[in-house]
Amino acid sequence: MRFGYFLNSNNLGLHKTFTEVLNEGREIAKFCDQHGWHSIWTTEHHFGHEGLEVCPNPVLMCADLAAHTRKLRIGQAASIITFRNPLQVAEDVAMLDHMSGGRVEFGVGRGIYPRETLNMNPIADVRNPAVNRELFAEGLEVIRRAWTEEFFSYSGKHFEYPYPGVSFPHPMSAPLPDNTDPDTGDITALALVPRPLQDPHPPIWQVVDTEPSIISAAQMGLNVMFWIPPTDALVPRFELYRDTASEAGKEIPLGSGVAVLRDMCVTETMKEAEELAGEALLRYVRWVCHYRGLENHRYPGEELPETDNKLDLLSYDWVHPRNLLFGTPEYVTEKIQEMKDKLNLQDLLVWSSFPGMQHEATMASIELFTEQVMPQFIEDDSVEDDGVDDDSVDDEQADDLKGVA
């Protein structure tokens, strides 16, 4: 099993400088890099004056983390590609792939909050999911073509590349049959510089919740990530992804291409985990589920009782058995083993730096998880397929990369 850390940077109630927030993320990344973790993942959120989510540019954050690590794979969970020109996303991530020595995992999303989507790109308004999905699918197709074709073009509802009717008569740029109309001199195709270091491109992941998202991701050949549903509720989702991928021509076993994110706090006693991080975790769940509600937390077939407010059921005792890795190393090991048995889980991401929680407590939990939980699941050859040679970044290159940060 591969373990990744979900670095959802926040600054709620602690009044840290943003430099301190960055330094804490670097410390987590360095520790994971040195202790057998497979990956670290950054988020993208905007306008978070409340302090709950404070990483507006995951690619820049990943570049910084790449400069401070040697083997750890660097991912975004996710880059919201509906917010940006897809060619800029393609260029940025391709550059990051070279800067990191081929360690990029490319996670993509459509956006969650109207405050973000409307102000970053009104067309991406999540209140109009059909258009949002169109924009997402077209943008991702542009990125893939730009990464895999020497000269590419695209014409869709939302994007058209190259822009029609443009020529580039320059004595140092001879027109080629692959990129220029011989009669008009107009540009017919573009070339992305650079294309990714990984061949044909970094692994692509989508953060998903709903059945339509699972189906479309599997049909497009994307890996997927889940966060909230209990293990038993994930079983049909895993099966839907596997079956849809098989129908699309990619035969895969259950668990392949799927990652699960879990909230984690490992302590010496069960009570200590609740006291240390219980309210901090609930604070974040209340934030996210203000829009989502609690439906995604249901066990299979469970009907939630009617309440005056949609989050009235939310408490530590209610949510803990559903999806929290909170407690002793023995308890957390048992819950991960359950996911491995029922889902054939191969990729687990954990988050432990909850809003308002002291960084020292976060690091202590990560260390205990690394020392007493991970060894139960990491086999001797489990990290050989990380796409990175041990010598892919030598000492001189590592020193050069430090200048990125």
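The values are calculated or read from the model by the stated rules, or taken from the named source; none is laboratory data. These numbers were taken from a predicted model, which means no experiment stands behind them. Note that each Cβ is placed from the backbone with ideal geometry, even for glycine, and that neighbours are counted across all protein chains shown. Areas reflect the complete protein model, heavy atoms only, side chains present, ligands, DNA and RNA absent. Shrake-Rupley method; radii C 1.70, N 1.55, O 1.52, S 1.80 Å.
Quick rundown of the values:
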{"item": "Sole residue being among the basic types (K, R), open to solvent by 10 Å² or more (accessible area, probe 1.4 Å) and touching a Ser or Thr at 6+ places or on another chain (Cβ under 8 Å), chosen from R286, R242, R292", "result": "R242"}
{"item": "Residues within the stretch 174-186 that are within 30 Å of P202 (Cα to Cα) and not in a loop (DSSP other than H, G, I, E, B), tallied", "result": "1"}
{"item": "Identity of the residue in the stretch 43-92, under 25 Å from R283 (Cα atoms) and polar (S, T, N, Q), that ends up farthest from the chain's Cα centre (by Cα)", "result": "N57"}
{"item": "Residue within the stretch 310-317 that is touching a Gly at 6+ places or on another chain (Cβ under 8 Å), open to solvent by 10 Å² or more (accessible area, probe 1.4 Å) and not in a loop (DSSP other than H, G, I, E, B) present", "result": "yes"}
{"item": "Residue match in the stretch 253-267 (condition: under 25 Å from the mean Cα position of the chain (by Cα), surrounded by fewer than 20 Cβ atoms within 10 Å (Cβ to Cβ), assigned to a helix (DSSP H, G or I) and not charged (D, E, K, R))", "result": "no"}
{"item": "Total residues in the stretch 281-295, condition within 21 Å of the chain's Cα centre (by Cα), within 14 Å of N11 (Cα to Cα) and basic (K, R)", "result": "0"}
{"item": "Enumeration of residues in the stretch 328-383 that are more than 30 Å from E50 (Cα to Cα), of a type in the set (F, W, Y) and within 23 Å of the chain's Cα centre (by Cα)", "result": "F377"}
{"item": "Selection status of V224, surrounded by 13 or more Cβ atoms within 10 Å (Cβ to Cβ) and out of contact with any Ser or Thr (no Cβ under 9 Å at 6 or more places or on another chain)", "result": "no"}
{"item": "Single condition P229 does not satisfy, out of (1) under 30 Å from V319 (Cα atoms); (2) at pLDDT 95 or above; (3) open to solvent by 70 Å² or more (accessible area, probe 1.4 Å); (4) not β-branched (V, I, T)", "result": "(3)"}
{"item": "Residue that is most open to solvent (accessible area, probe 1.4 Å), among those in the stretch 20-51 that are closer than 20 Å to I366 by Cα and assigned to a loop (DSSP other than H, G, I, E, B)", "result": "H35"}
{"item": "Hey, I252 within 20 Å of F136 (Cβ to Cβ), at pLDDT 95 or above and out of contact with any Cys (no Cβ under 7 Å at 6 or more places or on another chain) or not", "result": "no"}
{"item": "Within the stretch 190-215, considering residues that are assigned to a loop (DSSP other than H, G, I, E, B) and in contact with a strand residue (DSSP E or B) (Cβ under 6 Å, 6 or more places away or on another chain), the one surrounded by the fewest Cβ atoms within 10 Å (Cβ to Cβ)", "result": "P203"}
{"item": "Y154 touching a Phe, Trp or Tyr at 6+ places or on another chain (Cβ under 9 Å) and free of Cβ contacts under 8 Å to residues at least 24 places away in the same chain", "result": "yes"}
{"item": "Condition met for L52 (farther than 19 Å from S352 by Cα and of a type in the set (A, V, I, L, M))", "result": "no"}
